[in-house]
1. Report the local net charge at Glu23: Lys and Arg +1, Asp and Glu -1, summed over other residues whose C-beta lies under 15 Å from its C-beta.
2. Can you tell which of Pro57, Pro80, Pro94 shows the greatest fluctuation in a Gaussian network model of the chain with Cα springs below 10 Å?
3. Specify the residue with the greatest mean-square fluctuation among Ala188, Ala161, Ala47, computed from a Gaussian network of the chain linking alpha-carbon atoms under 10 Å apart.
4. How much net charge surrounds Arg113 when only other residues with a Cβ under 14 Å from its Cβ are counted (Lys, Arg +1; Asp, Glu -1)?
5. Give the percent of DSSP beta bridges with both residues in the chain that are antiparallel, rounded to the nearest 5.
6. With a 10 Å cut-off between alpha carbons and a GNM built on the chain, which of Val96, Val70, Val166 moves the most?
7. What angle do you read, to the nearest 10 degrees and between 0 and 90, between the alpha-carbon axis of helix 221-233 and the longest principal axis of the chain?
8. Rounded to the nearest percent, how much of the accessible area of the chain (1.4 Å probe, protein heavy atoms only) is carbon and sulfur?
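The values are calculated or read from the model by the stated rules, or taken from the named source; none is laboratory data. These numbers were taken from a predicted model, which means no experiment stands behind them. Neighbour counts are summed over all protein chains in view; Cβ atoms, including those assigned to glycine, are modelled from backbone coordinates with ideal geometry. Keep in mind that these areas ignore ligands, DNA and RNA; they rest on the heavy atoms of the full protein, side chains included. Shrake-Rupley method; radii C 1.70, N 1.55, O 1.52, S 1.80 Å.
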Amino acid sequence: MKLAGTRILVTGGGSGIGRHLVERLLAEGAEPGVFEIDAARCAELAAATGGRVRTWPCDVSDAAAVDAAVAAMLGDGFEPDVLVNNAGVIHSEPLVNLLSRGERAHSRESWRRVLGADLDSVFFVTSRVVDHMLARRRKGVVVSISSISAAGNPGQSAYAAAKAGVNALTRTWAAELGAMGLRFVAVAPGFIDTPSTRAALSEASLTRLQQQIPLRRLGDVEAVYLAVRHAIENDYLTGTVLEVDGGLVF
């Protein structure tokens, strides 16, 4: 599928990796639309692009909010050919924190929050968008941002479980709906140099981490974009996970 003229819905497109994806897709002639939880970011993004990026405020971890946003999007005449499930949160927390003076076990609230943001959101948005793709009898592509943490990263129970779920859904849906002309691909970044990564890790941790990566550096957001573009453009690619990790393996 060619990017030029293609309508692409990006969740969490107001900042971070999502914002970079939106800006690069726009530059390549695509027509991006965005679901973003922060209404102020929606307004800023629309203004910054002269209205070329259409936005709908939406908490993609909330099923009712997703239904309302999809209805609003379709009502506005935006019918996506591609969905990029990018929205999510990074969370680190051990199953049991032996050094804690309070509750030692992994918070159930944070477990539910991370699964909601990183896995439920993919199910909620994809099911509604794909249903419309099928009704239109058009070919479509769903690209979901996963993580190499899906392999099992110590200290990230909820995040790893959610991303493993994203990979499983990608393969399941590819098998279910390939005959209908729909493709599903996951892109699994390693450690990407973003504000959220630097907020989550100390400088000492980042230095140690870079020594473990064969390429000896963090990735950049452009590497993620190139993988997403490849997933969209390669019409024989489906049911797989593209790892963009500099060679780091857990």
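1. Details: positive: Arg19, Arg24, Arg41, Arg52, Arg54, Arg229; negative: Glu28, Glu31, Glu36, Glu44, Asp220, Glu222.
Once all neighbours under 15 Å are counted, the net charge is 0.
2. Evaluated over the chain, the most mobile residue of the options is Pro94.
3. Ala47
4. Neighbourhood net charge equals -4.
5. On the way: 1 of 30 bridges.
Roughly 5 percent of the DSSP beta bridges within the chain come out antiparallel.
6. Val96
7. 40
8. It is 54 percent, rounded to a whole number.
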